[in-house]
Structures are given as C-alpha cells and as structure tokens.
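Below: the structure, in structure tokens.
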Amino acid sequence: MNNLPIPAPEALAHSQRLQQAIVDEIAAAGGWMSFARFMEQVLYAPGLGYYAAGARKFGAAGDFVTSPEMTPLFGQALTCQVAQVMSESSSVVLEVGAGSGRLAADLLLALERAEQLPERYFILDLSADLRQRQQQTIANAAPHLLSRVEWLDRLPERFSGVVVANELLDAMPAHVAAWREDGIFERGVAVNETGEFTWSERQATGALLAAAEEIGTQCSLPPGFESEISLAVRAWAAEWGHRLEKGALLLIDYGFPRREFYHQQRGRGTLMCHYRHHAHPDPFYLPGLQDVTVHVDFTAVIAAAHASGLDLLGYANQGQFLLNCGILDQLAEIPNGTPEYIRATGAVNMLLMPHEMGELFKVIALGRGIDAPLCGFANGDQGWRL
C-alpha cells in the first residue's frame, strides 16, 4: 500500500518469517485456512504475532491510541463503577488484555485516592513483551502499589470481583461468512501462485453455519453480504458463566447490536487493520506488524453470557457511561486554563463526542449476584437495543 509507512528492514524480515510460517501451515492443511486461524496467527503466534512480539503498539509511537493512553481521566471515571461492583462482591480487580498498563496504573491510583484500593489487582495478558511494559508503567506511575498487582497465565477457575477489558473483544479471532445465492460460505485464506495470501471460500459447516443461518434469518441478509462472526468472543463470554461467582464484567469496545452490525450498509463487514496510525482494510498486509480487528456484535455477547447464567447489568455508549461515572467532575478538578486542562479537555471531547469515540464505543456489564443498579448506566441504558 503506497500510502503506508515502510517498515525497517528488521521489521520486514520479522513479518516475512511469520508469513512463511503461515504459508507452511496452509500447505500442510491442504491449501486453506479459516480466517479465524489466520487472525490468531498474525496476532498471537508465539514470538511472531503482533501481540506476541516486541513492536510498540500503543500510544503516539505505536499503531493506535486507546482511551487510557489519551488521558488518566478515563481510568479515574471508571473508578466509580469498579468501586461499586467491588463493594457488592469482592475487593479484587482482574484486567484482561491490559495493553501498556496505563489503565491499571490510573485505576489503582484513583482507587487509592478514593480509599477503595482492591486487595489484589490481577492482569491476564499472554504477551511477555506487554507484561514487561505493564510492570514498567505501573512501577513508574505507582511504585508503592506494584506489590498488589499479580500477572496470571489463564482465567481463574473461580472469581469474585470486577473484570475489566478495554478493547479486548475486537482482537479475538473471528470467522468470516458470506451469504451467497447457493448457500452460506466461509471465507478463508489460501496462497496464490506468487506466494501471496488471497481469499478463498468453502461451504460453511458446524457452529459457524448455525450462527450464520440464525443471523441471516434475524437480519434478512441478501445474497452477497459478507461479514464476521466471532465464535471466540461468544465462547469467552459464556466461559465466565462457569467462573464468575459474584461480581461483574465491564467490557468496553467498539461495535453494535446485531441488527446494526449486520446492516445493509456494512455489506462487506467491519474488518479493519491499524498500522502506524493508518487504518486500512487489508488483513494480509505485513503479517505480524499490524493490528487486525473486527467490531463486536454485542447481541452475541449477551446471548452467550445469558445462556451460561449471567445477567445483563447495563449497556450504553461510552460517552454516556463516562458522563454517568463523573468524568466531567474529574475534569473540573484540573485548574482551568492550564496546559494540563487544555490537553484533558481535548481528550475528554474525543472520548465523549458521538462523532469521535463516544457513540461507536460501547460499555456492556455482565454479572451475577449484583442487585443495585450500576452507576455507569444510571442514564441512557440501551439494553433494550440488544
């Protein structure tokens, strides 16, 4: 792609090693790989995938900027909701996919100021590189609180407290389905005669076919419609029904209710890639050097969670959720007119405005044993849209 930055020679060599590994796997499998498997490899292949290798991903020097990277006010506002759920369950936080560690540091400091520090703050992140960065971030920002943080290798068998995940679900592997005149097909990855990745279709089967048939019926999809179905997101949400004893999951991500996700205007899906602050739709570009994401079908999330015994505790766009959590009060505590206030105001506008992140990003809360209405959904709860 001519308009994208050219990687350094060592980065390009890294990408080529991953590409060859995937080419070899496709050949061993008979010439075809599901897109979910391809996405898993380019993001998480040990030592080579985007999240499993050492390239800087978050912030101004990376490929994209997440909400916690923009301003500590994001974590400070989230404190309201985290503290409430802890008070009704256990004084424990588990952050899944903690990125640079910025949200963990901001949450810990804000909870300390509110005299509501969790007894333990767990982080589950499969990337050794990111774990190291998270430790450094927390050590720099809150060295006295680092002893409360513990890194996990897998989901706990039983958990009570608050689970926080910001921009986790969009990076879970997704299948791609195509509704054709002669049936439903799965779009996968093959290798062409010049050794490049290319799309290749075969008849959909099993769980993917069942999910695609249900979606196609519910949303009246026309032949030619193509989109993503993340069986991994469904499985992850359902798994918490077996593990969460009391508490709530707070999941923040970009996406839609099902009827908006599979809307006619999104007839080619939501797949998007991020490389050096450039967004583009080609998932085959520089494997291992770019993020590959799909939007979240929040209807699928609650359906899977509810079927495993969890309750929907709230669903709102990010802007409304942060307003409910008092982000403007947090902003007002910064002296007006100072450089810090000006920077914070710009970041808060990005987080709240409908044409920025305020409407596209959603917050969904799933839980068990939480009776009180959650503060983050006091106004503007849109659970009925799911």
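The values are calculated or read from the model by the stated rules, or taken from the named source; none is laboratory data. Just so it is clear, the structure is predicted and the values come from calculations on it, not from any experiment. With ideal geometry, Cβ positions are generated from the backbone for all residues, glycine too; neighbour counts draw on all protein chains shown.
Annotations for the structure displayed:
- Taking the numbered list (1) in contact (Cβ under 8 Å) with a residue 60 or more places away in the chain; (2) in a strand (DSSP E or B) in turn, Trp151 passes all entries but (1).
- In the set (1) out of contact with any Phe, Trp or Tyr (no Cβ under 7 Å at 6 or more places or on another chain); (2) surrounded by fewer than 16 Cβ atoms within 10 Å (Cβ to Cβ), the condition left unmet by Arg234 is number (2).
- Scanning region 337-352 for residues that are buried (at least 16 other Cβ atoms within 10 Å of the Cβ), closer than 28 Å to Ser89 by Cβ and of a type in the set (A, V, I, L, M, F, W, C) turns up at least one hit.
- Filtering region 172-198 to residues that are over 20 Å from Leu18 (Cα atoms) and either part of a helix (DSSP H, G or I) or among the charged types (D, E, K, R) (or both) leaves Arg180, Glu181, Asp182, Glu186, Arg187.
- Residues being loosely packed, with under 14 Cβ neighbours inside 10 Å and not small (Gly, Ala, Ser) - total across region 267-295: 3
- Test: residue in region 295-306 that is among the acidic types (Asp, Glu), at pLDDT 95 or above and within 30 Å of Arg37 (Cβ to Cβ): yes
- Tally of residues being among the basic types (Lys, Arg) and more than 17 Å from the chain's Cα centre (by Cα) across region 229-257: 2
- Of the residues Glu201, Glu226, the single one that is part of a strand (DSSP E or B), closer than 29 Å to Arg385 by Cβ and more than 21 Å from the chain's Cα centre (by Cα) is Glu226.
- Taking first residues from region 84-97 that are part of a helix (DSSP H, G or I) and partners that are surrounded by fewer than 22 Cβ atoms within 10 Å (Cβ to Cβ), the Cβ contacts under 6 Å between residues at least 6 apart in sequence or on separate chains come to Gln84/Cys375; Glu88/Ile370.
Okay, residues lined up against (1) without any contact (Cβ under 8 Å) to a residue 40 or more places away in the chain; (2) within 16 Å of Ala77 (Cα to Cα); (3) acidic (Asp, Glu):
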{"site": "Gly319", "(1), (2), (3)": "no, yes, no"}
{"site": "Ile327", "(1), (2), (3)": "no, yes, no"}
{"site": "Gln330", "(1), (2), (3)": "no, yes, no"}
{"site": "Gly337", "(1), (2), (3)": "yes, no, no"}
{"site": "Ile364", "(1), (2), (3)": "no, yes, no"}
{"site": "Gly369", "(1), (2), (3)": "no, no, no"}
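- Residue selected from region 302-318 under the condition buried (at least 23 other Cβ atoms within 10 Å of the Cβ) and among the small types (Gly, Ala, Ser), by the criterion nearest to Pro257 (Cα to Cα): Ala316
- Search result, residues across region 241-257 that are in contact with a Phe, Trp or Tyr (Cβ under 8 Å, 6 or more places away or on another chain) and surrounded by 17 or more Cβ atoms within 10 Å (Cβ to Cβ): Leu244, Gly247, Leu249, Ile252, Asp253, Tyr254, Gly255, Phe256, Pro257
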